[in-house]
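What follows is one structure encoded as structure tokens, with my remarks underneath.
No value in this document is a laboratory result; all are computed from the given coordinates. Here the structure is a predicted model, which is why all the values come from computation and not from measurement. For neighbour counting, all protein chains shown are included, and Cβ atoms are generated from backbone atoms with ideal geometry for every residue, glycine included.
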Amino acid sequence: MPLLPTWFSAAAAGVTGLVVGSFLNVVAYRLPAGKSLASPGSSCPHCAAPIRAWDNIPVLSWLVLGGRCRSCRAPISWQYPVVELMTGGLFAAVGARFPWSPLEVALLVFVAAGVVIAVIDIRERVIPAKLVWGAGLPGLGLLVLASLTAGTPGRLGLALGGGAAAFGAFYLVWYLRPGGIGFGDVRLAALLGLFVGWLGPGELFVALFAACLTGAAVGVPLALIGGGGRRLAIPFGPFLMVGSLIGIFAGPQLVHLWLG
Ligand SMILES: [Zn+2]
């Protein structure tokens, strides 16, 4: 039995998520531009006034300031509080479902990477390899720890096999259909396979299937409207993350439903 209740795990993870989300906004803005993540501190992109700690509280500051810079009153994008809220909500969900375990921390790393990757992919149409490795390496360490503490070392094989299988499948798609998905999607699929594969092959299958289904549901109509070019009209990274979440949270139920 865990020492602290599940709701506390969810609340702690949720608050952590709001703060992490605030940092992810910085990463999403600076990493593709090749800027340092550590310094300088945040400043208004419009008037360059430094943003004080008091005005940098996730979600709340944006609401208090009415979505505007304190100095020059230039609008601050709604994307900032949305990314913070999304990260907070997803962290809380992971904290509620996998309380007080190395698996919880592993999945929080995965979710954080997923949020920032989705934002960057939507904005820049690129999935930085740095972020995939940055989540994959510590994630692998945490999954080793999760396997050992849960007394299920075999799960590590599932994770590595899942990563390899997802990489292989997406590599094939990337190789056979140039101009379709990008190689960043292949790397991200491997990351998905590693984390979701640890939970089980059913969860992994649901995740990949849901990613393709949601991607097609949005992408095919857009491609038809846009004239049906060969290149995907939409970035695929966000759908890989949506699929992952469906696999993580609804995978067992969906597999059960499907198999009757
Ligand atoms: Zn300003």
Principal axes first, then extents: for the Cα atoms of region 28-79, list largest minus smallest coordinate on each axis, whole Å, largest first.
30, 20, 18
Quick one: length gained pulling LEU63 to LEU3 fully straight, 0.36 nm per residue minus the C-alpha distance?
18.0 nm
Need the full-extension length gain, LEU172 to VAL26, defined as separation in residues times 0.36 nm minus the C-alpha distance. One decimal, nm.
49.2 nm
Can you tell which of LEU137, LEU18, LEU85 shows the greatest fluctuation in a Gaussian network model of the chain with Cα springs below 10 Å?
LEU137
Taking only the C-alpha atoms, wrap a convex hull around region 114-260 and report its volume per residue in Å³ as a whole number.
109
How much mean residue ellipticity at 222 nm does the chain get from its helices, if each DSSP H run of length 4 or more adds -39500 (n - 2.57) and you divide by all residues, to the nearest 500 deg cm²/dmol?
-24000 deg cm²/dmol
List every residue whose amide H lies under 5 Å from the amide H of SER43, counting only residues 5 or more places away in sequence or on a different chain, with H placed 1.01 Å from N in the peptide plane.
ILE51
So for region 81-139, averaging the separation of alpha carbon pairs under 8 Å that are six or more residues apart and normalising by length, what relative contact order in percent results?
33
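Equivalent ellipsoid semi-axes for region 1-100, as square roots of 5 times the alpha carbon gyration tensor eigenvalues: give them largest first, rounded to whole Å.
30, 15, 11
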If you project the alpha carbons of the chain onto the principal axes, what extent comes out on each, in Å, largest first?
58, 57, 33
The chain: relative contact order as a whole-number percent, Cα under 8 Å and 6+ apart
17
For a label point 7 Å along the Cα-to-beta-carbon line of SER77, residues of region 7-29 with backbone N under 14 Å
22-29
Using alpha carbon centroids, what distance separates region 2-20 and region 41-115, in Å?
16
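Can you give the extra length, in nm with one decimal, that the chain gains between ALA164 and ASN56 once fully stretched, where that is 0.36 nm per residue apart less the Cα-Cα distance? Walk me through the numbers on the way to the answer.
Working: separation 108, 0.36 × 108 = 38.88 nm, distance 4.05 nm.
My answer for the length gained is 34.8 nm.
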